[in-house]
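The values are calculated or read from the model by the stated rules, or taken from the named source; none is laboratory data. Because the structure is a prediction, the values reported are computed rather than measured. For neighbour counting, all protein chains shown are included, and Cβ atoms are generated from backbone atoms with ideal geometry for every residue, glycine included.
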Amino acid sequence: MYGSDSINDDSERTAFRKTEKKYKLYYDSTSKSSKKKKQPRPVDLSEVIDFKAISESFDRNGDLRAGVSKLECPFDRPVFCLDDCPGFYFIPAALSIEEQCRWIKESLMSFPQPPNRTNHNAIYGAVHNLFNAAKNKQALVKDETAPAEDDSVSVDINSQNHRWACLEELDSSVNGDSCKSVSASVLLRKLRWSTLGLQFDWSKRSYNVSLPHNKIPDALCQLAKKMAAPAMAVGEEFQPEAAIVNYFGSGDMLGGHLDDMEADWSKPIVSMSLGCKAIFLLGGKSRNDEPLAMFLRSGDIVLMSGEARERFHGVPRIFTDTEHAEIGSLEKQFSDEDDSFYLEYIKTSRININIRQVF
Ligand code: OGA
Ligand code: MN
C-alpha cells in the first residue's frame, strides 16, 4: 500500500504520478523579499470533481453533470456513482457534524491505544495515552535499563520488556537530552496510521491474525454496515473486520496504491473523511491511466467495491488554509474549551478511517 509509492524513473513518468505532482503541496521559494513567508504554489482546481456542488445542484433542479448518476437505493442520503467506474460510490456529507466530532475524538484518543498498533510501534513499542500525554505536555522517555523490545509483539508500556517507558512531565532536563526523550506532541504530529480489529502488518503487507487485537468497536461496526449497504448485494451484510486510520498533516500525502490484501474484492472498503478537505485521485487499473481528481470533505464517505477495487487511488493533497480546509462547522462544534486540543489538531489535519472485510 504505502510501499507502492517508491520513486523511480518509471513512476515519475506515469499518468498517476504526474497528476499527483500537479496537486501535491509545493512551496514557492522565489519570494522577492527574504523575510516573506513561503507561499504554497497556486494550483488549478478547476478539474477537480466536487460532489458537494453536484449534490446541491441535484437538490435544486435535479441536474447531474455528464458521467455522474444518482444511485436508486433506499438510503437516507443521496449516493452518487461514476458511469465509467462500477463499484465506486460517493456519499457527500454522510456523517453529521456530531458524528464527525465523535470519530475525530475516537481516532485521536482511543484508536491509537494498544493493542491497536500505530507507526510508532516500530521504534517505541506500545504507546499508551498519546493524545492526553501531548495535551499535558508530557514526554516519552527512554529507559536504558530495559531490554530492546521485539517489535513483533505489542508490549505494555509498563512492562519490563520495553525501552521507551513512562510518560513523564516534560521539564527542561528531560527536554535537553533529545536522544533519550521525545515529546508526546511531536509523536502525535508524527502519528501516520493506527490499525483497528485484525492488525495489518505493513512490513509483510498482510494481515497478521496472530497479533493481539480487539474487535472493531461496535458503534463503528454499525456505522460501516449501514454505509456499506449501497455497495452490497441484496441480502448480504458487510462484516467489518479491520480498519486503517490514516492521519495527514499539511504536506502529507498517500501515494497511489491498491488495497489488495482482502480476500473478497466484491466487498466494499468503507472510507470516511474527517477534518481538512483533501484531493482524492481515482485512477485506472494501470498507473498509466490518467486519474480523476475529486474533493473529499469532512463527513464524506467513499465506497470502493468490485471493479473499483482494482483501481489505483491516493491522496496527493490536504488543504490546511482557512479558505480551502472547509472545517468551519467543525471548529464551531469544537469551540468548547475542553475540546480546544482537538480543535488545534484538526485545524491542520485530516483523518481517514477505512474499514474492511478481510475474509
Ligand atoms: C487507504 C486509502 C484514502 C483516503 O488508506 O487505503 O486509500 O481517503 N485512503 O485517505
Ligand atoms: Mn486505499
Check: When Ser298 is evaluated against the numbered criteria (1) away from ligand 1 (no atom under 14 Å from the Cβ); (2) in a loop (DSSP other than H, G, I, E, B), which criterion, by number, is the only one it fails?
Finding: (1)
Item checked: Identity of the residue in the stretch 232-246, small (Gly, Ala, Ser) and either more than 15 Å from ligand 1 (Cβ to nearest atom) or assigned to a loop (DSSP other than H, G, I, E, B) (or both), that ends up surrounded by the most Cβ atoms within 10 Å (Cβ to Cβ) -> Ala233
Next item on the list: State yes or no: is Asp289 within 12 Å of ligand 2 (Cβ to nearest atom) and part of a loop (DSSP other than H, G, I, E, B)?
Entry: no
Notebook entry, point to check: Out of the residues in the stretch 247-280 that are of a type in the set (A, V, I, L, M) and more than 14 Å from the chain's Cα centre (by Cα), which is farthest from ligand 1 (Cβ to nearest atom)?
Noted result: Ala263
Check: For Glu149, which of the numbered conditions (1) modelled with pLDDT of 95 or more; (2) of a type outside the set (Gly, Ala, Ser); (3) assigned by TED's automatic domain parsing to the domain that holds Val182; (4) part of a loop (DSSP other than H, G, I, E, B) fails to hold?
Finding: (1)
Next item on the list: Considering (1) in the same structural domain as Met272 (by TED's automatic domain parsing); (2) of a type in the set (D, E, K, R); (3) crowded, with 18+ Cβ neighbours inside 10 Å, say which one Lys135 fails and leave the rest.
Entry: (1)
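Within the stretch 317-334, does at least one residue satisfy the condition of being within 12 Å of ligand 1 (Cβ to nearest atom) and in contact with a helix residue (DSSP H, G or I) (Cβ under 9 Å, 6 or more places away or on another chain)?
First, pick out the residues of the stretch 317-334 that are within 12 Å of ligand 1 (Cβ to nearest atom): 317-318.
Still in the list and also in contact with a helix residue (DSSP H, G or I) (Cβ under 9 Å, 6 or more places away or on another chain): 317-318.
Yes, the stretch 317-334 has at least one match.
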